[in-house]
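Structure record follows, encoded as structure tokens.
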Amino acid sequence: MEALYELLGEEGLSMVAVTEEPKEQVLRYLERHPYPFQIMIDPRGELTQRLQVFGLPTTFVLDKKRRLIYSHVGAAEWNSPQIVDLYREALEE
């Protein structure tokens, strides 16, 4: 995710990672492994319930009008040509 963000951030890509892990644990992790994008802590899992997330990690891609154009459950190769093209397409809409 970091590689994709660094590649497309200047083109307008916004990214938010959501975790249900305890805040203290997340902060300790981020001290050692900082992310270039926002991390949201959802300790009660309200967002994952609302979005009907059943597997982790789950990725949602929204276009500029905040329409869902792609979702994926599982790991991904974030800097693969297919993924980069998908995100570029979302940024153009």
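The values are calculated or read from the model by the stated rules, or taken from the named source; none is laboratory data. Since the structure is predicted, the reported quantities are computational estimates derived from the model, not experimental observations. With ideal geometry, Cβ positions are generated from the backbone for all residues, glycine too; neighbour counts draw on all protein chains shown. Ligands, DNA and RNA are excluded from the accessible area calculation, which covers all protein heavy atoms including side chains. Shrake-Rupley method; radii C 1.70, N 1.55, O 1.52, S 1.80 Å.
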So how tilted is helix 23-32 from the main axis of the chain? Cα-based, degrees 0 to 90, rounded to 10. 60 degrees
Return one whole number: the accessible area per residue of segment 1-46 in Å², for a 1.4 Å probe. 74 Å²
Hey, what angle do you get for helix 81-92 against the long axis of the chain, alpha-carbon based, 0 to 90 degrees rounded to 10? 80 degrees
Carbon plus sulfur, as percent of the 1.4 Å-probe accessible area of the chain, comes to 49 percent
Order by accessible surface, 1.4 Å probe, largest leading, for residues Met15, Met1 comes to Met1, Met15
Treating only Lys and Arg (+1) and Asp and Glu (-1) as charged, each at its beta carbon, one finds that the chain has a dipole about its Cα centre, in Debye to the nearest 20, of 360 debye
